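The values are calculated or read from the model by the stated rules, or taken from the named source; none is laboratory data. Since the model is a prediction, treat every value here as computed from it, not as a measurement. Here the Cβ is made from the backbone with ideal geometry for all residues, glycine too, and neighbour counts use every protein chain on show.
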Amino acid sequence: MESQNLKQRIRDESTKNTTNVDNSNNNINKNRRAKRTVMAKRGLRSLTLAVAFPLSLTLFTIYCSAGSGSIHGKLAKKPFFWALHLASLASSFLMGLSAWLVWAEGGFHRQPTALYLYLAQLILGLSWAPITFTYGATRFGLIVCVSLFGALVGCSQSFRRMNPIAADLVKPCLAWVAFMTIVNFKLLYV
């Protein structure tokens with residue numbers, strides 16, 4: 001009888017130990033899930049900021065340059081003109097996403113040149129529409145386009161060292177700026 005009780009006690013203790021181990025594993029898993037959720041929320045906030053900031057700046061420059069300037073009034077009726085603005089928004093979105101991918105990997109700390117190139121392309125991209133359409137300085141706008149293309153090539157090369165996907169996201173922006181340069185060149189003779 002005593003041996004049966006002894007077996008029973010061992011069973012009870014092993015069940016308690018298993019239950020304790022299961023509870024501690026559940027707590028560890030809950031803690032891990034909570035940490036992952038916090039990190040995901042933080043990442044989502046930073047992604048939203050990285051994309052929304054250049055998009056809002058681009059929308060602001062489109063709004064400010066719309067309806068003013070002699071060239072703008074002539075071109076506003078043509079469908080390709082609004083396609084230029086939509087493509088600028090798409091380019092801002094892609095560059096914001098690309099910069100976020102590089103930032104998430106710590107690339108701007110390892111290579112600050114990539115950050116400077118990103119900021120240069122952002123400023124050049126934002127200044128092109130007002131220079132070209134509002135002020136009618138198409139020659140200076142052409143210089144801005146060529147400089148923007150160079151900054152994007154630099155971004156692509158430096159982003160590739162840190163995140164190849166980020167560098168691939170710059171390629172449509174390069175194609176867009178090449179097209180924008182052709183449009184700007186044709187505006188010289190309007």
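Descriptive notes on the structure:
- Scope the stretch 146-177; condition farther than 15 Å from Ser92 by Cα and touching a residue at least 12 places away in the same chain (Cβ under 8 Å); matching residues: Val146, Ser147, Val153, Gly154, Ser158, Phe159, Arg161, Met162, Asn163, Ile165
- Any chance Ala129 is of a type in the set (Gly, Ala, Ser), closer than 19 Å to Ile62 by Cα and in contact with a Ser or Thr (Cβ under 8 Å, 6 or more places away or on another chain): yes
- Looking only at the stretch 107-144, residues that are more than 19 Å from Lys186 (Cβ to Cβ) and outside any helix (DSSP H, G or I) come to 1 in all.
- With respect to being modelled with pLDDT of 95 or more and over 27 Å from Arg45 (Cβ atoms), Gly150 fits the description.
- Given (1) surrounded by fewer than 17 Cβ atoms within 10 Å (Cβ to Cβ); (2) within 15 Å of Ser158 (Cβ to Cβ), index of the condition Gln121 fails: (1)
- Cβ-Cβ contacts under 9 Å between residues 6 or more apart (or on different chains), taken from a first residue in the stretch 98-115 that is on the phi > 0 side of the Ramachandran plot to a second residue that is of a type outside the set (Ser, Thr, Tyr), are listed as Gly106/Met162.
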